[in-house]
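Input: a single structure, listed below in structure tokens.
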Amino acid sequence: MSHAATTPSGAAGAAEPGRADPEAWLRRLRAAPGPTAGAPLLVCFPHAGGAASSFRPLAAALGGAVETVAVQYPGRQDRYAEPCVEDLDEMAALVAESLRLRDGGQGRPTAFFGHSMGATLAFAVARLLEGPGSSGPVGLFASARKAPSVAEGRQVHLLGDAEVVAELKSLGGTAAGALDDEELVGLVLPAVRSDYRALETYRPRPGERLGCPVTAVLGDADPRVAPAQAAAWAGHTASEFRIRVLPGGHFYLNDQVEAVAGLVRERLAAWAG
């Protein structure tokens, strides 16, 4: 439930809205050196209003140990001209189909890393991929997000523009001064509001659990996620659950990239072993 300002970077050639096309929904985040042959895959899901590029620092820190791809939501950067998807279940179905098409039967170990809204979306996608005839992730990292079973206390998508901007400022993570630029805010606010609407209207089925392990990660000064709310992810897995608290706020990841990369490598080795 968070945001970093994302501006259009050219929408020419955007994929037709709604197509489950890996080229539309997934971005490979290239690191130097590139991933080694047979490296496990990490699929990253951005926060509300965020874009695939927000995970470039993590991809660089992981280097050749992991191939990192990120989901690109419609309505931002190179998909700016496309309408946003305001239903999280619909978005999950489109992303799940894109991942099925991309995998092509390779069956290599794949983990999900979702930050804020992205954690809830990653959970919904994982549920779909664990169905009959599909191969779900070997594990889920739920970052800076309370468990799906914890009720939403606020309805940010119903607030006025000034109040939404104030919410984003309270979370941090956005470049200094960006949210005081009226033109920039006008460009990004529709995607932010749409993502909040998808998140805040999502209703998981009672007792819905994953078969894979879940590791919750959060900042010790997060203003929107308490440790107990993150710990409630334990009720959403039939497998192992762990929680890791790192220094920082809602966007702890910005300053803890190396620590998170180490955690990803450690957990992936255990899950894929």
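Please compute the length gained on full extension between Ala93 and Arg108, using 0.36 nm multiplied by the number of residues separating them and subtracting their Cα-Cα distance.
Using 0.36 nm per residue and subtracting the Cα-Cα distance, I get 3.3 nm.
How do Thr110, Thr201 rank when sorted from fewest to most other Cβ atoms within 10 Å of their own Cβ?
Lowest to highest Cβ neighbour count: Thr201, Thr110.
What's the extension gain from Glu182 to Ala162 if we count 0.36 nm per residue and subtract their Cα-Cα distance?
Extra length available between Glu182 and Ala162 comes to 6.1 nm.
With a 10 Å radius around each residue's Cβ, average the other Cβ atoms per peptide and rank 143-155, 203-215, highest first.
In decreasing order of mean packing, 143-155, 203-215 become 143-155, 203-215.
Once R0 is set to 22 Å, what does the formula 1/(1 + (r/R0)^6) return for the Cβ-Cβ distance between Arg205 and Ala234, expressed as a FRET efficiency to the nearest 0.05?
For Arg205 and Ala234, the calculated efficiency is 0.80.
All other residues with a Cβ under 14 Å from the Cβ of Ala228 taken together, and with Lys, Arg as +1 and Asp, Glu as -1, what is their net charge?
Its environment carries a net charge of +1.
Using a Förster distance of 30 Å, how high is the FRET efficiency between Arg244 and Arg28, based on the Cβ-Cβ distance and rounded to 0.05?
Using R0 = 30 Å, I get an efficiency of 0.70.
Since every read-out is calculated from the coordinates, none of them should be taken as a lab result. Source: prediction; values computed, not measured. Using ideal geometry, Cβ is built from the backbone for each residue, glycine included, and neighbour counts are taken over all protein chains shown.
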